[in-house]
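Each remark here refers to the structure printed beneath this line.
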Amino acid sequence: MKIFKTTLCTVALMVVAILPSKADFVMNASVTAGIQKTYTIESNTATTATVSINNKYIYTLVSNAVANGTNWAGGAIAPTNLPADGYIAYSPYAQNATSVMGVFYATNKSGLYFSLSGVDTNGQYYSWIELDSVNFYYAFLGHPTPSMFYFANVYIGWAGDAGGPFGGIASYHLNSKTNGVETATSTAVFYVHDDPYNYDDAHNPLILFGNNLNQGDGDDLQGVNGNAIEVRGILTATEAVTSTDAIISSLTITGPGNLIYDPNGTYPNKSSDLVKNATVKFIK
């Protein structure tokens, strides 16, 4: 299989501007990773290094993947040049083309909107970033009034059903008017990748290293990620609860994970790097 080369560099052309919602969140990531620096067969020495990954690195990773859509998917995903002044935002209540809850998109201060998931011209789902978790604990559990049975839960990404790969707990204290704050804590996955068909890390962790599920069918020309960041950790969601609704006001995932680190586009055919610790926040 022929592997194309690309470098993680910013690209700067504008796409159609649509104003995002003011209720959405801006992603803010801080990641410390360990990488294999040198390793020689039959050598007595191997060294490692620590690298820092931030918003700029992630945005550049995604920008290069989007700009190289033809390399990943032929003509099935049109290449797009994202602006150099862009950043990544997240709408937890939006649904993408296949009803997966939560949509990531690139935006900027001029109101750019470019979704980072969708369906290609052959009807195949794709994405470059996901946040997966579920927590079914909710306010008013067991309330005798049926109208009070509403969820104040977290259900985002490839969450599956209540018996899926996530566990969770919640705490809340409501006043006499049934207003208050709920803190929902659950296991979760945050995953950024450049092969658009290597999605749903929540249920298929090996998808990080290769498209073993043949997602995208023949549209996936590469079958492997060139660069990827995975955090498998704990998601803390804060929700503002009222007598009629519960709205997420903050999201933070922390933890370790796996990494495919190749910022120069050399494709060294290795997948041994790791995320030592990461904090990814979604803030207003």
Nearest-0.05 FRET efficiency for residue 212 and residue 44, computed from C-beta distance (R0 41 Å)
0.75
Given the peptides 237-246, 254-263, arrange them by the average over their residues of other C-beta atoms within 10 Å, most packed first.
254-263, 237-246
Cα extents of region 73-115 along the principal axes, largest first, in whole Å, come to 30, 29, 11
For residue 171 and residue 54, calculate 0.36 nm times their separation in residues minus their Cα-Cα distance, and state this gained length in nm to one decimal.
39.0 nm
So what's the net charge close to residue 132: Lys and Arg +1, Asp and Glu -1, counting the other residues with Cβ under 9 Å from its Cβ?
-3
Accessible-area composition of region 169-284, carbon plus sulfur, in percent [1.4 Å probe]:
55
Just to confirm my numbers, what's the Cα centroid distance between region 226-283 and region 156-216 in Å?
11
Using protein chains only and a probe of 1.4 angstrom, how many square angstrom of residue 98 are accessible, to the nearest 10?
60
Packing-based order for 60-73, 111-124, using average beta carbon neighbours within 10 Å, highest first
60-73, 111-124
Over all directions, how big on average is the projection of the convex hull of the alpha-carbon atoms in region 197-283, in square nanometres?
7.9
Too-long pairs where the Cα-Cα distance tops 27 Å, listed order kept, from 109/281; 37/284; 56/276:
37/284
Theoretical gain in end-to-end length, residue 80 to residue 245 [0.36 nm per residue, Cα-Cα removed]:
55.6 nm
Please list the non-local residues whose amide H lies under 5 Å from the amide H of residue 195, H modeled 1.01 Å from N, same-chain partners needing a gap of 5 or more.
226, 227
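The values are calculated or read from the model by the stated rules, or taken from the named source; none is laboratory data. It should be emphasised that the depicted structure is a prediction, and the values quoted were computed from it without experimental measurement. Using ideal geometry, Cβ is built from the backbone for each residue, glycine included, and neighbour counts are taken over all protein chains shown. Accessible surface areas use protein heavy atoms only, side chains included; no ligands, DNA or RNA. Shrake-Rupley method; radii C 1.70, N 1.55, O 1.52, S 1.80 Å.
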